[in-house]
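Engineer: Can you keep this structure in mind? I'll have questions shortly.
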Amino acid sequence: MNKQVDLLQGTLDMLILKAVSLGGLHGYGVLLRLQQLTGGRLQIQQGSLYPALYRLERKGLITSEWGESDHRRKAKFYKLSASGRRQLEAETARWNDFASVVAGVLGAVPGES
Amino acid sequence: MKMRRRKQFEAEMDAELRFHIESYVADLVRSGVSREEAERRARVEFGSVEARKDECRQAWGLQRLDELRADLRLAFRTIRRSPGLATIAVLSLALAIGANAAIFGVFDAVMLRLLPVRDPSRLVFVQMVGVAGWDGPPYPFFELLRNQAKSFKEVSAFSPSAIELIADRGREMARGVWVSGNFYETLGVRPLIGRTLTASDDDTPGKGGRNGAVAVISDTYWRRRFGGDPQVIGRTIYVYKQAVTIVGVMPAEIMRLEPGYATDIAVPMMLSDPVKMRDRTSLWLFVVARLRPAVGVKQARAEADALFQAYVADVQIPAEVRTRLFHHMDLAPAAKGLGGLRHRFSKPLTALMALSGLVLLAACVNITNLMLARAVARQRDFAVRLAIGAGRGRLVRQNVTEALVLVGAGAIFGIVLARMGQTALAAFFAQGNNTIVLDLSLDARLLLFTAGLGLLTGLAVGIAPALRAAGNDPAAGLQIGSRSIAGSRVSMRLGRALVVIQVALSMVLLAGAGLFIRSLRELRSVDLGFVREGILTMEVAPERQLNGSPEWLAMQAEILERVRQIPGVLSCGWTTMNPMSGRDRGAIIEVPGFAARTEEDKEIHLAAVSPEYFDTLGVPTSLGREFTPGDHGGALKVAILNDTAARFYFPHANPIGRKIRFVNYPSSDLLYEIVGVVRDTVHDDIREPASRFIYLPIGQHVDRINRLALAARCSGDPITFATSVRRHIQTVRSTLLILNVSTMERQIEQMLLRERLVATLSAAFGIVALVLAGIGLYGILSYAVTRRTNEIGIRMALGATSNGVLWMVLREALALAGGGIVIAIPAVVVLAHAAKASLYGVGPFDPLAFAAAALLLAGFAALAAVVPGRRASSLDPTTALRSE
């Protein structure tokens with residue numbers, strides 16, 4: 001099994017946005033999709049998913065709708081809204097910038113300036 | 001959020017979380033874990049469901065709402081637990097807020113509200129100004145301005161006047177207004193039904209419009225006179241002799257630009273007196289104009305003034321009169337209408353606003369004190385809550401919520417009281433013959449004012465107890481026994497200080513009320529120069545064609561004859577204007593041998609009276625004689641002066657036999673010989689000394705005599721004679737109109753409307769404050785007795801008598817009251833100084849009013865001490881000593 005990675009502060013929202021951007025999902029589905037995308041390397045407290053989902057919906061970044069699950073049960077499905085998509089793009093760009101800057105610093109070799 | 005939606009939110013959240021857990025359990029079971037083990041793992045990995053739900057609610061923004069709901073629930077529960085306190089708090093707040101809202105309603109209606117016209121800020125009054133003040137310009141100048149001035153979009157004129165109407169053969173004097181045809185178009189006022197007047201209704205002198213004479217009536221007159229029948233449009237009525245068609249019904253409050261005065265009908269100017277309209281110096285109009293867009297007031301004023309200067313250059317006016325009134329043109333804002341009512345009531349209403357503010361302050365102090373006392377009693381409760389983790393912020397919020405609930409209830413009752421108060425106030429203003437109609441409806445402004453006041457009050461009374469609650473040290477608070485309360489020494493001191501402030505506030509209000517009541521009494525006892533009791537007054541108006549005719553003179557004599565025959569009528573007489581009737585007439589005279597320094601010296605008040613008139617009023621003759629039936633139109637022209645005029649024009653000589661001349665009349669050679677001097681009488685302003693008066697016999701008057709006032713001295717209540725006097729007048733001629741039936745005493749009370757208003761309301765406010773102070777004193781004394789039970793027991797055990805204990809409590813009450821009274825006195829003097837103009841016959845420091853107020857307060861303090869004092873003095877020392 002791969003080594004587990006701790007979730008960085010504030011990145012859960014971004015990951016949820018990414019997860020639901022690939023198609024509507026219910027809460028449990030978001031968890032499964034994230035586990036699948038990270039290859040199970042990311043430790044997510046199952047319960048903490050929901051306050052994040054409520055917060056994102058309150059902000060209007062995702063929308064919800066009641067529908068039927070694969071097992072023909074009623075479930076609440078989330079999907080990305082237009083402003084959520086813009087937010088996701090902005091966050092992704094920021095993250096990439098940040099990561100490359102940090103990687104550049106950490107990857108610096110002594111004597112090189 | 002609504003309850004139903006909240007329930008749905010909870011149900012959906014529950015379903016969603018359950019779905020998650022069940023799906024996980026199902027997946028685990030599918031992967032071969034036993035059901036029991038799967039359920040355990042799901043629970044562990046999910047974490048506390050309730051905690052998650054709370055986080056979700058918070059993320060959704062529901063937590064604040066939940067806390068508010070909890071605060072409210074707690075507030076209601078504590079209020080229910082001490083209903084006495086809640087009742088006192090809500091009642092006193094309701095009284096205070098109601099008083100403030102009611103006064104504000106009147107203040108708003110009189111002082112602040114803009115008239116409901118289109119774009120009121122662009123309306124201006126066009127006025128002539130001189131050193132003597134301002135007035136509207138003469139009609140010919142109005143026409144000039146309307147036709148030539150480019151700064152104004154429209155220029156219109158109006159002139160309030162009693163107008164005689166005949167409808168269905170019933171003759172009456174209506175409260176009318178002559179208007180230029182474009183008046184309502186200038187204002188932008190729309191009719192309720194029918195149409196309004198237009199310029200083409202007012203273009204033919206004597207006829208009105210080319211297509212016939214028309215008029216509009218007010219909605220109040222429409223309902224009163226025509227029962228609100230929409231068929232009134234197209235009906236013909238008579239304005240004097242002229243048939244006029246009613247074309248529209250207008251909102252009464254905007255029939256003329258003068259708030260507070262009711263109007264029945266508006267008739268085009270062209271139907272009014274043609275002589276007055278042609279007169280180039282006659283002052284009877286108000287001119288109102290609407291500025292053209294983008295034209296400033298300065299520019300418009302300059303243009304109006306240029307036109308005016310050209311106009312007056314062409315008119316014969318003495319230089320003196322020019323500087324007095326015909327000097328230049330000015331523009332004044334017309335958004336609030338003419339300021340007569342505003343001017344008359346601005347001072348009393350401002351004073352009443354201030355006084356009602358003090359009442360509110362007293363109520364706030366009272367409630368703060370009650371809530372503080374309770375906060376102390378609940379110290380343990382707060383300590384427990386702090387100890388188990390409640391934030392101090394939450395405690396503050398909880399206390400403020402409680403205060404706001406009380407104040408909210410107070411404000412709602414306050415609005416109800418304010419409505420009742422306003423009904424009474426409206427009736428107060430509407431009494432007498434010159435009724436003032438105030439629009440005191442429950443409008444958004446009043447509600448907003450009340451809500452703002454309530455919010456401020458709630459915060460004011462909630463903050464101190466809240467901070468006190470939050471400032472608790474939980475460790476100390478938890479150790480508090482049921483009896484000894486830590487920190488209570490401080491709270492006692494604060495409570496006492498607040499009671500002293502309350503007493504001081506009531507002292508200010510009571511002493512103020514005392515000053516106003518004393519002023520009113522002084523005004524009522526001013527010697528008016530005539531005997532006010534027993535005089536019936538009424539006005540009698542003949543048809544227009546009888547004005548100035550010999551028949552009308554003959555009728556006058558016949559009426560006096562008949563009225564004199566009524567048993568109980570002692571004497572009667574006619575005059576053109578009774579004192580206290582609100583009517584006035586000025587004239588300009590020249591007195592040979594008297595050198596007038598200014599034009600003003602030639603001005604004198606003028607009335608025509610019948611024989612026996614001075615007798616009827618009880619005005620003694622100082623010199624010479626009264627008028628007799630011999631002073632008829634064909635006889636030698638004679639006049640009577642009052643003392644002031646005699647002294648002014650003949651300081652060193654006997655005026656009898658001297659002549660005076662009226663100037664400014666077409667046949668200006670009107671010489672009158674002075675045959676008598678009568679004592680001064682006060683004509684309208686009781687606060688002012690009598691002015692110069694000249695009296696002429698009715699048969700020799702310089703004006704054509706039309707409407708006259710009758711005065712009859714009766715034995716007994718004069719108003720009971722009204723019916724028989726009226727019957728006798730109408731036996732002489734059934735079509736004579738009888739108006740404004742009243743008595744001299746009633747008319748005087750009418751003149752004192754402002755003073756009565758202030759005296760009555762300030763007394764009411766004083767009583768409210770007095771009761772509040774009594775409650776405050778009672779509260780603090782009861783608390784002190786409870787706290788000192790032990791000490792009192794010791795004193796009694798050591799030999800204190802029960803009277804001694806009673807005296808101890810009483811002494812404390814009197815000390816508190818005395819403190820408040822003493823600190824209030826300088827404040828009263830300062831405030832009374834500010835209101836000096838409203839006082840009469842009393843100085844700002846009036847020992848009598850102050851002593852009465854102090855005595856009343858001391859009495860109330862003693863009363864408040866009775867119950868706690870009795871309780872203290874009847875304590876049994878053995879039980880008291882054991883009390884813990």
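Engineer: Select, from B:Tyr783, B:Tyr840, B:Tyr778, the only residue that is open to solvent by 50 Å² or more (accessible area, probe 1.4 Å), among the hydroxyl-bearing types (Ser, Thr, Tyr) and closer than 25 Å to B:Ser525 by Cβ.
Structural biologist: The unique qualifying residue is B:Tyr840.
Engineer: Can you name the condition, by its number, that B:Leu65 falls short on among (1) more than 13 Å from chain A (Cβ to nearest Cβ); (2) of a type outside the set (Phe, Trp, Tyr); (3) surrounded by 14 or more Cβ atoms within 10 Å (Cβ to Cβ); (4) in contact (Cβ under 8 Å) with a residue 24 or more places away in the chain?
Structural biologist: (3)
Engineer: Here's another thing I want to ask about it. Being part of a helix (DSSP H, G or I) and over 16 Å from B:Met371 (Cβ atoms): is that true of B:Ala70 here? First the steps, then the outcome.
Structural biologist: Values: part of a helix (DSSP H, G or I): yes; over 16 Å from B:Met371 (Cβ atoms): yes.
Taking the combined requirement at face value, the residue satisfies it.
Engineer: Just a yes or no: is a residue in the range B:448-469 at pLDDT 85 or above, touching a helix residue (DSSP H, G or I) at 6+ places or on another chain (Cβ under 8 Å) and over 30 Å from B:Val376 (Cα atoms)?
Structural biologist: yes
Engineer: Could you tell me which residue of the range A:36-77 is surrounded by the most Cβ atoms within 10 Å (Cβ to Cβ), considering only residues that are polar (S, T, N, Q), within 11 Å of chain B (Cβ to nearest Cβ) and under 22 Å from B:Arg41 (Cβ atoms)?
Structural biologist: Going through the range A:36-77, the residues polar (S, T, N, Q) turn out to be A:36, A:38, A:43, A:45-46, A:48, A:63-64, A:69.
The next check asks that each one be within 11 Å of chain B (Cβ to nearest Cβ); those that pass are A:43, A:45-46, A:48, A:64, A:69.
From the residues that got through so far, the ones that are under 22 Å from B:Arg41 (Cβ atoms) too are A:43, A:45-46, A:48, A:69.
Working: A:Gln43: 11, A:Gln45: 12, A:Gln46: 19, A:Ser48: 15, A:Ser69: 15.
Among those residues, the one meeting the criterion is A:Gln46.
Engineer: Just to verify a result, which residue in the range B:738-775, among those that are hydroxyl-bearing (Ser, Thr, Tyr) and closer than 30 Å to B:Leu855 by Cα, is surrounded by the fewest Cβ atoms within 10 Å (Cβ to Cβ)?
Structural biologist: Our first condition is that a residue be hydroxyl-bearing (Ser, Thr, Tyr); within the range B:738-775, this holds for B:742-743, B:760, B:762.
The next check asks that each one be closer than 30 Å to B:Leu855 by Cα; those that pass are B:760, B:762.
Working: B:Thr760: 16, B:Ser762: 27.
Per the criteria, the residue is B:Thr760.
Engineer: Here is a further query. For the range B:42-52, does any single residue satisfy the condition of being hydrophobic (A, V, I, L, M, F, W, C), part of a helix (DSSP H, G or I), at pLDDT 85 or above and open to solvent by 70 Å² or more (accessible area, probe 1.4 Å)?
Structural biologist: Among the residues of the range B:42-52, at least one is hydrophobic (A, V, I, L, M, F, W, C), part of a helix (DSSP H, G or I), at pLDDT 85 or above and open to solvent by 70 Å² or more (accessible area, probe 1.4 Å), which makes the answer yes.
Engineer: Moving on to the next point. Would you pick out the residues in the range B:738-770 that are in contact with a Leu (Cβ under 7 Å, 6 or more places away or on another chain) and assigned to a strand (DSSP E or B)?
Structural biologist: Across the range B:738-770, the qualifying residue is only B:Thr743.
Engineer: What residue, of B:Ala390, B:Ala375, is part of a loop (DSSP other than H, G, I, E, B) and either among the hydrophobic types (A, V, I, L, M, F, W, C) or in contact (Cβ under 8 Å) with a residue 12 or more places away in the chain (or both)?
Structural biologist: After applying the criteria, what remains is B:Ala390.
Engineer: Next question. What about B:Ala94, is it assigned to a helix (DSSP H, G or I) and within 14 Å of another protein chain (Cβ to nearest Cβ)? Quick ask: steps written out before the conclusion?
Structural biologist: Working: assigned to a helix (DSSP H, G or I): yes; within 14 Å of another protein chain (Cβ to nearest Cβ): no.
Criteria not met by B:Ala94.
Engineer: Name every residue in the range A:15-34 that is within 11 Å of chain B (Cβ to nearest Cβ) and in a helix (DSSP H, G or I), in order of residue number.
Structural biologist: Passing the criteria: A:Gly27, A:Tyr28, A:Gly29, A:Val30, A:Leu31, A:Leu32.
Engineer: Take B:Val33 and decide whether it is β-branched (Val, Ile, Thr), more than 30 Å from B:Gly421 (Cα to Cα) and not in a helix (DSSP H, G or I).
Structural biologist: yes
Engineer: Further question on the same structure: In the range B:109-156, what count of residues is obtained for those that are buried (at least 19 other Cβ atoms within 10 Å of the Cβ), touching a helix residue (DSSP H, G or I) at 6+ places or on another chain (Cβ under 6 Å) and more than 26 Å from B:His327 (Cβ to Cβ)?
Structural biologist: Final tally of qualifying residues: 2.
Engineer: For B:Leu349, indicate whether it is touching a residue at least 40 places away in the same chain (Cβ under 8 Å) and farther than 23 Å from B:Ala764 by Cβ.
Structural biologist: no
Engineer: Taking only pairs six or more apart or across chains, which ones have beta-carbon atoms under 6 Å, a first residue in the range A:40-57 that is more than 12 Å from A:Leu12 (Cα to Cα), and a second residue that is among the aliphatic types (A, V, I, L, M) and outside any helix (DSSP H, G or I)?
Structural biologist: A:Arg41/A:Val5
Engineer: Here's something else I'd like to know. Identify the residue in the range B:25-62 that is hydrophobic (A, V, I, L, M, F, W, C) and farther than 17 Å from A:Gln46 by Cα and, among all such residues, is farthest from the other protein chains (Cβ to nearest Cβ).
Structural biologist: Start the filter on the range B:25-62 by keeping residues that are hydrophobic (A, V, I, L, M, F, W, C), which leaves B:25-26, B:28-29, B:33, B:38, B:42, B:44, B:46, B:49, B:51, B:56, B:59-60, B:62.
Remaining after also requiring farther than 17 Å from A:Gln46 by Cα: B:29, B:33, B:60, B:62.
On the way: B:Val29: 13, B:Val33: 16, B:Trp60: 5, B:Leu62: 10 Å.
Here the answer is B:Val33.
Engineer: Among the residues of the range B:702-737, which ones are crowded, with 19+ Cβ neighbours inside 10 Å and among the polar types (S, T, N, Q)?
Structural biologist: none
Engineer: Now a separate question. Is there a residue being under 30 Å from B:Gly414 (Cβ atoms) and either aliphatic (A, V, I, L, M) or in a helix (DSSP H, G or I) (or both) anywhere in the range B:797-806?
Structural biologist: no
Engineer: Could you list, in sequence order, all residues of the range A:78-113 that are acidic (Asp, Glu) and either assigned to a helix (DSSP H, G or I) or open to solvent by less than 90 Å² (accessible area, probe 1.4 Å) (or both)?
Structural biologist: Across the range A:78-113, the qualifying residues are A:Glu89, A:Glu91, A:Asp97.
The values are calculated or read from the model by the stated rules, or taken from the named source; none is laboratory data. Only a predicted model underlies this, so the values are computations on that prediction, with no experimental measurement involved. Positions of Cβ are backbone-derived with ideal geometry, glycine not excepted, and every protein chain shown enters the neighbour counts. When the accessible area is computed, the model is the full protein with side chains, heavy atoms only, and any ligands, DNA or RNA have been set aside. Shrake-Rupley method; radii C 1.70, N 1.55, O 1.52, S 1.80 Å.
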